[in-house]
Amino acid sequence: MNITLIGFRGTGKTSIARLLAERLGKKLISTDDEISKKTKMNPASFVKKHSLDKLREIESDVIEHVSDFDECVFDTGSSIVMRNENIINLKKNSLIVMLTADISTIKNRLKRGKMPSGPMDYFDEIKGVFYEHEARCKRAADYAIDTSRLNPEEACDLITHYLQMEMQ
């Protein structure tokens with residue numbers, strides 16, 4: 001069984017995915033890295049040159065491909081939930097965990113991180129789709145974890161617990 005982490009940027013998907021894959025001895029797959037390999041560009045550059053719709057097409061191809069894998073941890077891009085086909089493909093063999101955080105936590109994490117755009121640019125970008133995205137994540141997720149006051153180790157503990165519950 002795979003574990004797929006979904007949620008907004010700044011919720012801890014990448015940090016938690018790395019730790020979780022190492023802890024469980026599973027292969028780590030970043031869908032953004034897979035898109036970059038396929039397009040020879042990072043997703044943000046690809047969108048600037050082509051379009052968001054074209055990126056979502058490629059993202060769906062990547063999701064369809066990796067959903068056949070087993071024993072992986074998927075660190076996904078935020079937009080995968082915007083297409084139902086991605087969730088359908090991932091649900092075949094994946095426990096889907098939504099990571100959330102409050103807005104101030106996300107802003108602080110984005111300020112510290114190496115995001116392609118700054119926190120204010122990011123929030124300007126998402127204002128219009130924030131609630132739709134969150135609703136789609138909630139519908140897709142088997143479990144949700146608020147990482148606002150958790151460190152990555154604590155979040156991994158919860159995910160491991162959920163995985164054990166699913167395996168019973």
Open item on the list: Between Lys107, Lys91, Lys37, where does the largest GNM mean-square fluctuation fall for the chain, given springs only between Cα atoms within less than 10 Å?
Closed with: Lys37
Open item on the list: At 1.4 Å probe radius, can you tell me the per residue accessible area of the range 1-120 in Å²?
Closed with: 49
Open item on the list: How many angstrom lie between the Cα centre of the range 150-168 and the Cα centre of the range 61-112?
Closed with: 16
Task: Percent accessible area from carbon and sulfur atoms, the chain, protein chains only, probe 1.4 Å - done: 49
TODO: Kindly work out what percent of the DSSP beta bridges joining two residues of the chain are antiparallel, to the nearest 5.
DONE: 0
Open item on the list: Can you show me the helix-derived [θ] at 222 nm for the chain, built from DSSP H runs with n ≥ 4 at -39,500 (n - 2.57) apiece and divided by the number of residues, rounded to the nearest 500.
Closed with: -17000 deg cm²/dmol
TODO: Largest first and in whole Å, give the semi-axes of the chain's equivalent ellipsoid, each being the square root of 5 times a Cα gyration tensor eigenvalue.
DONE: 23, 20, 15
- [ ] May I ask you to derive the relative contact order of the chain, considering only C-alpha pairs under 8 Å and at least 6 residues apart, and to give it as an integer percent?
- [x] 34
Open item on the list: Name the residue from Ala140, Thr11, His65 whose Cα lies farthest towards the positive end of the charge dipole of the chain, charges +1 on Cβ of Lys and Arg and -1 on Cβ of Asp and Glu.
Closed with: Thr11
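The values are calculated or read from the model by the stated rules, or taken from the named source; none is laboratory data. A quick note: this is a predicted structure, and the numbers were derived from the prediction, not measured. Every residue, glycine among them, receives a Cβ derived from its backbone with ideal geometry; neighbour counts consider all protein chains shown. Surface areas here come from the heavy atoms of the whole protein model, side chains and all, with no ligands, DNA or RNA. Shrake-Rupley method; radii C 1.70, N 1.55, O 1.52, S 1.80 Å.
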